[in-house]
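Accompanying notes for the structure given below.
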Amino acid sequence: MPTKQLGSTGIQVSTLCLGGNVFGWTADESTSFAILDAFVDAGLNFVDTADVYSAWAPGHKGGESETVIGAWFAHSGKRDKVVLATKLGKEMGGDKKGLSRGYMIRAVEASLQRLRTDCIDLYQSHADDPDTPLEETLEAFAQLIKQGKVRAIGASNYSAPRLEEALGVSAAHKWPRYECLQPHYNLCERGYERDLDPVCRRAGIAVIPYFSLAAGFLTGKYRSEADLAKSPRGAGVKKYLNDRGFAILRALDEISARLHATPAQVSLAWLMARPGITAPIASATSLAHLQDLIASVSLKLDAQDVAALDRASS
């Protein structure tokens, strides 16, 4: 399977990243184990999660996804086959949030314990923390890397000015920099291209978009408001049920029919073909769904396909 380098780290990651947000939520432990096994056995290696997954679910408090992945590592013995990414900073309850030095030191230990590993390959700020100086956050990351608890760091949901500011702080102090950005980016959400894309490409930062399938809309399973009840995530795609969204689906239908592919595969292949994109993140709740995602890695779109999708989503 093809790989790309994670920023300037030398870490090689597969060009599709498996999203762990569903583990312990809409995918139970046995299903999650099967999905992780199949993903790695297919030659892919990049898995992303976060400490806060899945605190939004009734009865959950966060840490469920990391706990499942840690149990799978212990059960499968495949930790060395995975580039493991997780995140911190989103509210976990009480004072468990943000990017202060004190909290980061506690949060990494909690994640390492849940993940049953001694090192996180990519540790990411889940969101900007305007109440904590970037110097404090980046120095804490530098400490975690020096201690061997983290290999590389990244950011998610940062604005272009804040990302550039963070890069400047790291350079000025000779601290490790953010090597990866995790933005909201897909055929329906193209705001990333305006200001973040130039920053990332100029700096050589890896980009791993989340919601690559627009919360499932780009799979084609949501085509009317009646379809929204098909999934717990259905409410999140209602905003795409408009003329632009339907134009995107028509383009996906035409291209996928001609290529004997699925809309999801075409959507992911479009992202993989974008300059500067390292690996889109997509999650699966069944083996059939996973195989659909894996097939996208070998799907190649020609210039006409890309242009048609660009027009429909412009």
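Taken together, the values in this text are just the output of simple stated rules run on the coordinates, not laboratory data. Here the structure is a predicted model, which is why all the values come from computation and not from measurement. Neighbour counts run over all protein chains shown; Cβ positions are idealised from the backbone, glycine included.
Beyond 26 Å, what percent of the Cα pairs of the range 86-231 remain? Distances greater than 26 Å cover 32 percent of the Cα pairs. Shape analysis of the range 60-149 yields a ratio of the Cα radius of gyration to the Kirkwood radius, Rg/Rh, of 0.97. Cross-link pairs exceeding 21 Å in C-alpha to C-alpha distance, out of 4/221; 4/81; 4/149; 61/87, comprise 4/221; 4/149. Net length available on complete extension from residue 235 to residue 247 is 2.3 nm, with 0.36 nm assigned per residue and the Cα-Cα distance removed.
In plain terms, the residue of 249, 99, 259 with the fewest other Cβ atoms within 10 Å comes first and the most crowded comes last, giving 259, 249, 99. Of 94, 220, 24, the residue with the greatest mean-square motion in the GNM of the chain, using alpha carbon springs below 10 Å, is 94. Modelled this way, with points 7 Å down the Cα-to-C-beta line, the labels at residue 287 and residue 201 are 4.1 nm from one another. At an R0 of 22 angstrom, the distance between the Cβ atoms of residue 12 and residue 164 translates into a FRET efficiency of 0.25.
Note on the chain: helix-only mean residue ellipticity at 222 nm, from DSSP H runs of 4+ residues weighted -39500 (n - 2.57) and normalised by residue number, equals -12500 deg cm²/dmol.
Electrostatic bookkeeping for residue 209 treats Lys and Arg as +1 and Asp and Glu as -1; over the other residues with beta carbon under 12 Å from its beta carbon, the sum is -2.
Taking Cα centre as origin and charging only the Cβ of basic (Lys, Arg, +1) and acidic (Asp, Glu, -1) residues, the dipole magnitude of the range 227-314 rounds to 260 debye. An ellipsoid equivalent to the range 1-96, defined through the eigenvalues of its Cα gyration tensor, has semi-axes of 24, 17, 10 Å when rounded to whole angstrom and sorted largest first.
As a rough footprinting exposure proxy, the listed residues 1, 272 were ranked by other beta carbons within 10 Å of their own, and the order from fewest upward is 1, 272. Each residue of the range 54-70 was assigned a 3J(HN,Hα) from its phi angle through the Karplus expression (A = 6.51, B = -1.76, C = 1.60, θ = phi - 60°), giving 10, 4, 6, 7, x, x, 9, 10, x, x, 5, 5, 4, 5, 5, 5, x Hz with x at Gly and Pro. Just so you know, the averaged projected area of the alpha carbon convex hull for the range 186-283 sits at 6.5 nm².
Straight Cα distances below 16 angstrom link residue 174 to the aspartates and glutamates 135, 136, 139, 164, 165, with same-chain residues fewer than 8 positions distant left out. Between 0 and 90 degrees, the angle of helix 160-173 with respect to the longest Cα principal axis of the chain falls at about 30 degrees. Compared with the dominant Cα axis of the chain, that is its longest principal axis, helix 29-41 is turned about 80°. Only Cα sites of the chain enter the Debye sum here, all with the same form factor; the resulting log10 I(q)/I(0) across q = 0.06, 0.09 1/Å is -0.19, -0.43, listed in q order.
When its C-alpha radius of gyration is set against 2.2 N^0.38 Å (N residues), the range 232-287 gives a value of 1.27.
In the range 21-175, the C-alpha radius of gyration followed by the widest Cα-Cα span (Dmax) gives 15.7, 47 angstrom.
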